[in-house]
Amino acid sequence: MTKIVFLDQGSFPKEFNFTHPSFAHEWEAYENTQPDEIVERLQGTQIAITNKVKLPGTILSNCPDLKMIALTATGYDNVDIKAANEQSIIVSNVRGYAAHAVPEHAMALILSLSKSIPAYKQEVADGRWQQEDHFCFFNHPIESLHGKTLGLIGSGSLGQGLAHLAKNFGLNLIYAGRKGDDTPTSPYTPFDEFLNQADIISIHCPLNEHTRNLISHAEFTKMTKQPILINTARGGIVNEDDAVKAIQTGQICALGFDCLSTEPPSAQNPLLTIAHLPNVIITPHIAWASQEAIQNLWKQVITNIEQFQNGNPQNSI
């Protein structure tokens, strides 16, 4: 009988109803799995389900029965794909499940930061409004989005989802070309020009060897419009130390991140030192997690597993 092990079920809401594959199987689920527990838990296991548990080649080589890794995410930077391919392990991800949830979250961050909503909310809660002589007060900048330029790094379903929302706010759109390519094809803008033109930058690309530290000190110095920087993709695409300096020096006017380089972050993560600032919003990697998106995601995971079991793997990396 096929054995299926879910290594980090705790990364889903506790109240979520997990349906199982329709074929006969043995099911084991763990709230979380530490690195030194993976090999033991995957002994005799044919299918492993994981969200963010890291599966490097050194671990996969000690799991001889493993035939499939079913990712409950689109990103696959936590799996050594080369090692999996060498061991004929199918790795399937989920795609397009958060096509509304992530763009909506990115748009919410853009709106909140452009209107300084967190800052004003806190001042009202602190009693600042009650002390005023006039009906309103202006302690923080308030910007309209109409006519400004939104720069998108990544033009897949999530980037396009945000583009659709942004058009309704009257934002102009530009798309970043690959760094180092000075003559990208339409509709892409050379990367350095992109950084110079954007009033808002939103990241929607995967984390890989080409995008790690894609935005660091050198890139921040080219952001002449002091943009709002949004990252709902992956931590590590933006250098976190340099992002803190960019906020402190005014190279960017605001920052909204839903993902950090290590999650959960340590107390020493540099971004946490600025999380209290009125022009910073950090959310705990929940842009993907609307109720509807999670339902779509899980349905796709089960379909991936059933298709693999039927000999027709889909969404394989």
Report task. Go through Ile47, Ile38 for me and flag whichever is surrounded by 14 or more Cβ atoms within 10 Å (Cβ to Cβ), touching a Pro at 6+ places or on another chain (Cβ under 9 Å) and of a type in the set (A, V, I, L, M, F, W, C). Result -> Ile47
Requested in this report: Determine whether segment 89-100 contains at least one residue that is among the charged types (D, E, K, R) and either over 21 Å from Leu297 (Cα atoms) or modelled with pLDDT of 95 or more (or both).
Outcome: no
Requested in this report: Confirm whether Leu214 is closer than 25 Å to Phe191 by Cα, surrounded by 14 or more Cβ atoms within 10 Å (Cβ to Cβ), in contact with a Leu (Cβ under 7 Å, 6 or more places away or on another chain) and not assigned by TED's automatic domain parsing to the domain that holds Phe12.
Outcome: no
Query raised in the report: How many of the residues making up segment 146-177 are surrounded by fewer than 18 Cβ atoms within 10 Å (Cβ to Cβ), over 19 Å from the mean Cα position of the chain (by Cα) and in a loop (DSSP other than H, G, I, E, B)?
Result: 5
Query - Matching residues in segment 178-224 - criterion: being among the hydrophobic types (A, V, I, L, M, F, W, C) and assigned to a strand (DSSP E or B) - result: Ile200, Ile201, Ile203, Ile215
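For residues that are under 30 Å from Leu277 (Cβ atoms) and either within 14 Å of the chain's Cα centre (by Cα) or not polar (S, T, N, Q) (or both), tally how many sit in segment 86-114.
Residues in segment 86-114 being under 30 Å from Leu277 (Cβ atoms) and either within 14 Å of the chain's Cα centre (by Cα) or not polar (S, T, N, Q) (or both): 14 in total.
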Query raised in the report: Of these, Ala98, Ala73, which one is surrounded by 18 or more Cβ atoms within 10 Å (Cβ to Cβ), of a type in the set (A, V, I, L, M, F, W, C) and touching a Phe, Trp or Tyr at 6+ places or on another chain (Cβ under 6 Å)?
Result: Ala98
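The values are calculated or read from the model by the stated rules, or taken from the named source; none is laboratory data. Remember, predicted model here, so these are calculated numbers, not experimental data. Glycine also receives a Cβ, built like all others from the backbone with ideal geometry; neighbour counts cover every protein chain displayed.
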